1. Give the stretch B:353-408 a look and list any residue that's closer than 25 Å to A:Arg391 by Cβ, more than 14 Å from chain A (Cβ to nearest Cβ) and outside any helix (DSSP H, G or I), or say none.
2. From B:Val342, B:Val317, B:Val350, B:Val326, which residue is assigned to a loop (DSSP other than H, G, I, E, B) and either at pLDDT 95 or above or crowded, with 20+ Cβ neighbours inside 10 Å (or both)?
3. Filter the stretch A:56-67 for residues that are of a type outside the set (Gly, Ala, Ser) and more than 7 Å from every other protein chain (Cβ to nearest Cβ) and give the result.
4. Would you mention how many residues in the stretch B:841-866 are within 18 Å of B:Val770 (Cα to Cα) and of a type in the set (A, V, I, L, M, F, W, C)?
5. List pairs: first residue in the stretch A:257-285 and more than 12 Å from every other protein chain (Cβ to nearest Cβ), second residue of a type in the set (Asp, Glu) and crowded, with 18+ Cβ neighbours inside 10 Å anywhere in the structure, Cβ distance under 8 angstrom, at least six positions apart or on different chains.
6. So, in the stretch A:192-208, of the ones that are in a strand (DSSP E or B) and farther than 17 Å from A:Arg410 by Cα, which residue ends up nearest to the other protein chains (Cβ to nearest Cβ)?
7. Return the residues of the stretch A:368-403 that are more than 13 Å from chain B (Cβ to nearest Cβ) and farther than 23 Å from A:Cys443 by Cβ; say none if nothing qualifies.
8. For the list (1) part of a loop (DSSP other than H, G, I, E, B); (2) modelled with pLDDT of 95 or more, I need the number of the one condition that B:Thr246 fails.
Amino acid sequence: MIGGLFIYNHKGEVLISRVYRDDIGRNAVDAFRVNVIHARQQVRSPVTNIARTSFFHVKRSNIWLAAVTKQNVNAAMVFEFLYKMCDVMAAYFGKVSEENIKNNFVLIYELLDEILDFGYPQNSETGALKTFITQQGIKGQTKEEQSQITSQVTGQIGWRREGIKYRRNELFLDVLESVNLLMSPQGQVLSAHVSGRVVMKSYLSGMPECKFGMNDKIVIDKAGKGGVTDEVGKSDLGGGGSTSGKQSIAIDDCTFNQCVRLSKFDSERSISFIPPDGEYELMRYRTTKDIILPFRVIPLVREVGRTKLEVKVVIKSNFKPSLLAQKIEVRIPTPLNTSGVQVICMKGKAKYKASENAIVWKIKRMAGMKESQISAEIELLPTNDKKKWARPPISMNFEVPFAPSGLKVRYLKVFESKLNYSDHDVVKWVRYIGRSGIYETRC
Amino acid sequence: MEWANQLCENRQFGSKMTDSKYFTTTKKGEIFELKAELNSDKKEKKKEAVKKVIASMTVGKDVSALFPDVVNCMQTDNLELKKLVYLYLMNYAKSQPDMAIMAVNTFVKDCEDPNPLIRALAVRTMGCIRVDKITEYLCEPLRKCLKDEDPYVRKTAAVCVAKLHDINAQLVEDQGFLDTLKDLISDSNPMVVANAVAALSEIAESHPNSNLLDLNPQSINKLLTALNECTEWGQIFILDCLANYTPRDDRESQSICERVTPRLSHANSAVVLSAVKVLMKFMEMLPKDLDYYGTLLKKLAPPLVTLLSAEPELQYVALRNINLIVQKRPEILKHEMKVFFVKYNDPIYVKLEKLDIMIRLASQANIAQVLAELKEYATEVDVDFVRKAVRAIGRCAIKVEQSAERCVSTLLDLIQTKVNYVVQEAIVVIKDIFRKYPNKYESVIATLCENLDSLDEPEARAAMIWIVGEYAERIDNADELLESFLEGFHDESTQVQLQLLTAIVKLFLKKPTETQELVQQVLSLATQDSDNPDLRDRGYIYWRLLSTDPVAAKEVVLAEKPLISEETDLIEPTLLEELICHIGTLASVYHKPPSAFVEGSRGVMHKRLPARTGSGEGTECPDVGNAAGGSAPEAAPSIIPSQGDLLGDLLNLDLAPPTTTGPTPSTSGMQMGGMDLLGGGLDSLLGGDIGGSPAMGAGFGAAPTVMPASLNAPVGGGLGDLFDLGGGVGMPMGAYIPPKTVWLPAMKAKGLEISGTFARRAGVIQMELVLTNKAMSVMTDFAIQFNRNSFGLAPAGPLQVLTPLGPNQTIEVSLPLSTVGPVMKMDPLNNLQVAVKNNIDVFYFSCQYPISMLFVEDGKMERQVFLATWKDIPNDNESQFQIQDCHLNSEAASNKLQGSNIFTIAKRTVEGQDMLYMSIKLSNGIWVLAELKVQAGNPNYTISLKCRAPEVSQCVFQCYEAVLKN
């Protein structure tokens, strides 16, 4: 298991060091600094073995987190734990930065003592942790409170405490998708997928039982064959603005927050859970079929002699004309030996950014089924560098108000038998946002 | 601390109190200041001071001097302060064991606190303090906490058992904690179950043959139930444990798979990978024609693909594992090629791994896409990545025959770019393509020859030379080309030289007329001017061949070559099987078995995939099925040679502790050496010895592997016999046994008096005890236990007091001891702390044993080795002692000493003074060499001792004195 955990700043100074196992000596801290942080050549793997000791590291801005072990540990678990550690710290004091870490080092030690025992990760849900790890310390808890804390920390529903009360029961559902695309210069889709997340903010009293439904192809097909169930058609959460009239979508794979009953999903494909309080990610999913690609990029690059490049890029929006895309940015890479650039664009603003080796073209808003164009002349310095310019792909950023996968929320039902509010009393909000992930067109 | 000063300013700015101020003081005298603050009456000030101490500790300053002051702050009801003090204790207790005892009381008290959080905190911290005296006190509170009403305390106590086991395995066994831990697997709370599983799995790893994790269908069922309910981390512990189970038949295997598959949808990638591991392993047992088998295969693909949208570090772990899975079961991901396409912004480690998998998945169906991608990658910036991409194109050509032509033309395009490393890499792979498809693509040779001058890497030069030699008849100026290489023959690397030699011989055989001069030139270069034996030998062979029988030479040199295989760099199947059993772990990331990078006895077990068993067979004769299944993972003898890590294996074998053995040498010595330091103290220890004196190295390393469980027979076996041959010494039974002394007076032990001594009889160390009951009541239930000690002494069996000991009764018991117990250096070295229990109480005493009982029977060193070793041990390690008033002549002294396994190797008389050279070997493999000067008529002997571990010298001297004077 994890033998020790160190946090360093960008210079390699130790901010936090906690050793859990006897086989990790004090020199391990220095070994990592010397061999990884200060290494002459950039380290090319997140797992490094130095003198039979393995180091796992992740970086957050310029903070290094390193876990160290001498055993054959579960590597995936160690990384998941390091990410979790970052999340927990962020939940307690915001950004993981050198200053914040130093300002909260006592708290961090306290957390590290709680969430790792002898190198074994323990309950790391911030909701539960915050009930008893506070910088004020626990004072004046009654016996009931104490046992409630311990049963929550160890219990089946570690993510929610009892006795939550809201005057107004409300929940917000955000369907956040990022579209990823890799397109050949000829306009052929090399790979495309949507990775989506359903993020929920729930302010519900008691221990509500929730059931979430979407237009999952498997569920709809089953329902279609086996007669209409009571859920179909009862779409009290319609709205949003998907463009196509697609009835259902094929989900390649999905993963769920730990509150979702996985065995139930596996057998009935229904998503039921008792939600954590506040904001959390309910599920992640991935689709690859019938994706709506909101934009198409058509590049044209011509090399005129050895000292000049002519670039023309056309973008076309491909969704309902009534919808507006926002924050559109097209990034056209330029060679390293660029000496000057002239740009002409019909819409938005374009600028050559020498420090980033790219022409950045920004458009605030653009409606569906429109088209826009940019042309640029790039002057090059003559070089005798034999190596050809690698021609990095043209990338794009944008935000659209629909789900490019076609996913629709069909319902989210809330049942709380002990308190007297029903599903209808809960105010529900749904929002769809599609963003660009890695959206690239080769040129 | 630069940042500390900067933060100091921050503090003055804002009124907000932050922790960073504790990092500020760097002045001299701060320890004194802190001391004063720690002893302050004000609570707040105390807390502040402790925080400062912790901050200094973090930065690496030594604040151990404040130990007593910090411990004084421990008794507080402020939980935050308490936690800080505990943190300090965990860091420094080991260096101040005596002081740490001061803390025990508070710990024990806290373990009874009404607040479960404090009880858990106390037991958690106590387990982290590796001081023997504290562990003694830990047992009782731990026992209570394991049965605590609060699940939070129980789950903490479960992990604490693993901690205690790490400190003192024997204690955990003797106290029965393992059984309590096993009971916790049936606990009602899922987190308690998960932690108990984790603790048991870890303990079981260091006892490979124990049946600690007694997995059976009932306990598996409990685990599967807990799996649905516990935290994500708990699920990982349980899944990793499940993966060690071998189901009885395919039906059980299927039902477990069915209950594990829902985990594939978990958001935590580690849960997913561990579930994949269980499924991959149990699938082996399912018949392939089963519908469920196909369903399972289909279910595995999506979650594996989803792992690729995780953070890059996890992607890396996932990709390394997918690489294994694809080799084992290519069908799972055969349609998913696209997801492995490299993204421009992927970190380099992800890119390289993706490329590997792309090649493995390449097939006729997707080759066009793959090639287009690879061509794209070959224009990227990162040199390693580009090289790998070019090489990948070549591998595609070899793997998918239909694509070969396209690959060759792609490679030619790349050669046209003239980018130096691309060209070289391309030529290397084209050579392989030629070998795979002879007489097909030779038309490109002309293009290759154009780039001859730009090749500067040996591998590429060698490849090019091979091509020229192989196709000499089609290249008009082959002789000129080869001749041009010959000019700098001596500066070339061996690889190129060998290739050049062969190529010119080939050329000569094909065009004998015009190249005679050339071939003579190269043969003389290779045979006369080179000092590389490989090159010389090859040169001579060719020369002889050509001069005796040119026809035979033709048959040999121009023989048809075997085709090269399609798949290169596949992992060897047995290793692959083992790695599949380690999916998700470091082993799967390194693609090495755990024994290659884990020290000690952990991970020695080579895991295996289960064999397929039909259910019918299983039900008919369950025993057979069970035995076959059960024995599979224990098939230890069939060891896979682990990546040249022979030493590691040797060690591992040694350390697997035999249960009841006589003294096995070397074990504890190695542990002693290998305890600290990153740099593999083990390796350097062994390596050094072997380098210094080969025979001794063998004595250290090999003896125990030959007979790891040599029972009470006199140690030595084959090797020992070898040593004995030199002297042909019999074994006089005159070993010295010190008189019995009272170890535990009746006053201190509620009427139980213990006296005793130690003896070595026929190679077995025995502790001879006399127990006297001076109390009024009967004593029963005797048990004995040792604390960790310098030579790993431990009782080899229970204390045999069969009948109750009545008042005023005395009983003599002799207890055989082994030397494979846990090791810790004691002061004095031969100190032994013993606990004896009876129905009344537990009593502690300590005694000193004569080190002579650790002298083993095969301690006679060969003269040559003795000489070399004596010289090899630095003079600093030599110590001299005087033995006074000894009236023996050298002969008698030598005989007497031999009785105690101190062997005289040689005798020399110089100017009336006898010099005796002797060797001693301790049970842990340490050798002591001695030179004894005896002068006739002088009752004072001088003795010089030399040893690699000089701290034993004093004890050895005492032995000499005791033996010679009695």
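The values are calculated or read from the model by the stated rules, or taken from the named source; none is laboratory data. Owing to the predicted nature of the structure, the values given are computational and were not obtained by experimental measurement. When we count neighbours, we look across all protein chains shown, and the Cβ atoms used for this are built from the backbone with ideal geometry, even at glycine.
1. Passing the criteria: only B:Ala362.
2. Working: B:Val317 fails: assigned to a loop (DSSP other than H, G, I, E, B); B:Val350 fails: assigned to a loop (DSSP other than H, G, I, E, B); B:Val326 fails: assigned to a loop (DSSP other than H, G, I, E, B).
Selected residue: B:Val342, the only one of B:Val342, B:Val317, B:Val350, B:Val326 that is assigned to a loop (DSSP other than H, G, I, E, B) and either at pLDDT 95 or above or crowded, with 20+ Cβ neighbours inside 10 Å (or both).
3. Narrowing the stretch A:56-67 to residues of a type outside the set (Gly, Ala, Ser): A:56-60, A:62-65.
Answer for the stretch A:56-67, where residues must be of a type outside the set (Gly, Ala, Ser) and more than 7 Å from every other protein chain (Cβ to nearest Cβ): A:Phe56, A:His57, A:Lys59, A:Arg60, A:Asn62, A:Ile63, A:Trp64, A:Leu65.
4. Total satisfying the criteria: 4.
5. The qualifying pairs are A:Pro276/A:Glu125.
6. A:Ser195
7. A:Gly368, A:Met369, A:Glu399, A:Val400, A:Pro401, A:Phe402, A:Ala403
8. Answer for B:Thr246: the failing condition is (2).
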